[in-house]
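The block underneath contains the structure these notes are about, expressed in structure tokens.
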Amino acid sequence: MIIYAIDDEQNALEYITDKIRQAAPDADVHAFSSPREALVSMETQPFDVAFLDIQMPGINGISLAKKFKQINPKCNFIFVTGYSEYTMDAFALDASGYLLKPATAKQVAHALENLRYPVVQGQDEKLTIHCFGNFEVFWKGEPVRFKYSKSKEVLAYLTDRNGAVCTNNEVIAALWEDDDHANYYRSLQKDIQDTLGALGCKDVIHRQWGGSALKTDRVACDYYDYLKGLPSGINAWHGEYMMQYSWAEETGASLWNDD
């Protein structure tokens, strides 16, 4: 786990860095006294969690969190501050925590155990799929870009089916409600195959005559973790499932009924 600690006051930075290392001794902790340096580092070495001071010159913690979210909408950040009046601003940005200085190692550990977007250890070796909120696909922390945007929706549908083999006609009916897209669907299948193949994870999709399925053991997925009752999945569920796809509403409703 990569953790950023950001505070312009050196003593406060050393203090929170020490508490983070006590709470997460196996984490790779990076300390920054400059918010701008943290932003530059984020471009080349994204963090899993960032502990942010709020009152900082140049870029305050709230503005910095907004910039981080522009780079990665699902990044985790925890505010550590001497001021309580920014609580609403913090949680409006989906913050994972809000700690008042001086935070203890126990408080830091509790915040890390209850991240909004839980960090799955070893996920860099697998394709990472987020179903809660909008559907997103990542490889080694970077968004996967397909040639066609509809290819991503095909992968979303296969993910929703949780390993079941889906016939070509089933997917076409779900995504377009007619059968006039067979040629286009073949192009989307090739796009998925080529894109994942270039990443070295071509075997994520099982293909057979007339159908395909997602190999669930080849991906790290919040939805699958939720179904297994794992804390990473349960903590990630906030009532939204594949929000950009109307056909996913049925699964979303079933998750609500399970609460």
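The values are calculated or read from the model by the stated rules, or taken from the named source; none is laboratory data. Keep in mind the model is a prediction, meaning the values are calculated, not measured. Quick reminder, even Gly has a Cβ in these numbers, built from the backbone with ideal geometry, and neighbours come from all protein chains shown. In case anyone asks, the SASA skips ligands and DNA or RNA and just uses the protein heavy atoms, side chains included. Shrake-Rupley method; radii C 1.70, N 1.55, O 1.52, S 1.80 Å.
Can you tell me which of 205-215, 134-144 comes out highest on packing, and rank the rest after it, using the mean Cβ neighbours within 10 Å? Working shown, then result.
Details: 205-215: 14.6, 134-144: 17.2.
The packing order, highest mean first, is 134-144, 205-215.
Histogrammed with a bin width of 5 Å, the alpha carbon distances of the chain distribute as 1, 6, 13, 16, 16, 14, 11, 9, 7, 4, 2, 1, 0, 0 percent, first bin at zero. In this simple spin-label approximation, residue 70 and residue 193 carry label points 7 Å from Cα along the Cα→Cβ vector, and these lie 4.0 nm apart. For the residue pairs 69/228; 150/228; 19/126; 140/202; 69/202, the C-alpha atoms sit more than 26 angstrom apart in 69/228; 150/228; 19/126; 69/202. Under the rule a/c < 1.5 gives rounded, and otherwise a/b versus b/c splits prolate from oblate, where does region 158-259 land using the Cα gyration tensor? The shape class here is oblate.
What is the extension gain from residue 228 to residue 165, computed as 0.36 nm multiplied by their sequence separation minus the C-alpha to C-alpha distance, in nm to one decimal?
Working: separation 63, 0.36 × 63 = 22.68 nm, distance 2.02 nm.
Difference between extended and current length: 20.7 nm.
Is the shape of region 1-69 rounded, prolate or oblate, going by the alpha carbon gyration tensor and its root eigenvalues a ≥ b ≥ c, with a/c under 1.5 for rounded and a/b larger than b/c for prolate? Judged from the Cα gyration tensor, region 1-69 comes out oblate (a/c at least 1.5, b/c at or above a/b). The calculated FRET efficiency for residue 84 paired with residue 249, based on their beta-carbon distance and R0 = 35 Å, is about 0.35. If you take every residue apart from residue 2 with its C-beta less than 9 Å away from the C-beta of residue 2, what net charge results, scoring Lys and Arg +1 and Asp and Glu -1? Every neighbour counted, the sum reads -2.
According to the square roots a ≥ b ≥ c of the eigenvalues of the Cα gyration tensor, what is the shape class of region 1-136, taking rounded for a/c under 1.5, prolate for a/b larger than b/c otherwise, and oblate for the remainder? Walk me through the numbers before you get to the answer.
On the way: a/c = 1.44, a/b = 1.29, b/c = 1.12.
Judged from the Cα gyration tensor, region 1-136 comes out rounded (a/c under 1.5).
Please identify the helices of the chain, taking whole runs of DSSP H, that span at least 24 Å along their own axis as judged from the Cα atoms and have a mean Kyte-Doolittle score of -1.0 or higher.
Working: long enough: 182-199 (26 Å, -0.61).
The answer, listed by residue number, is 182-199.
Since only 188, 95, 71 are under comparison, the one whose Cα sits farthest along the positive direction of the charge dipole of the chain, derived from C-beta charges on Lys, Arg, Asp and Glu, is 188.
Would you mind counting up the charge near residue 187? Only other residues with Cβ under 10 Å from its Cβ, with Lys and Arg at +1 and Asp and Glu at -1. The partial results should precede the final answer.
Details: positive: 147, 150, 186, 190; negative: 191.
Once all neighbours under 10 Å are counted, the net charge is +3.
Rolling a 1.4 Å probe across the protein heavy atoms gives the chain an accessible surface of 51 Å² per residue. Taking every DSSP beta bridge that has both residues in the chain, what percent is antiparallel when rounded to the nearest 5? Given both bridge residues lie in the chain, the antiparallel proportion sits at roughly 40 percent.
Stretch residue 109-residue 206 to full length: gain in nm at 0.36 nm per residue minus the Cα-Cα span? Can you show the working numbers first?
Working: separation 97, 0.36 × 97 = 34.92 nm, distance 3.96 nm.
In short, 31.0 nm is gained.
Taking the protein heavy atoms of region 119-229 in the context of the full set of protein chains, the accessible area attributed to carbon and sulfur is 45 percent at 1.4 Å.
Summing charges over neighbours of residue 211, with a neighbour being any other residue whose Cβ is under 14 Å away from its Cβ, gives +3 when K and R count +1 and D and E count -1.
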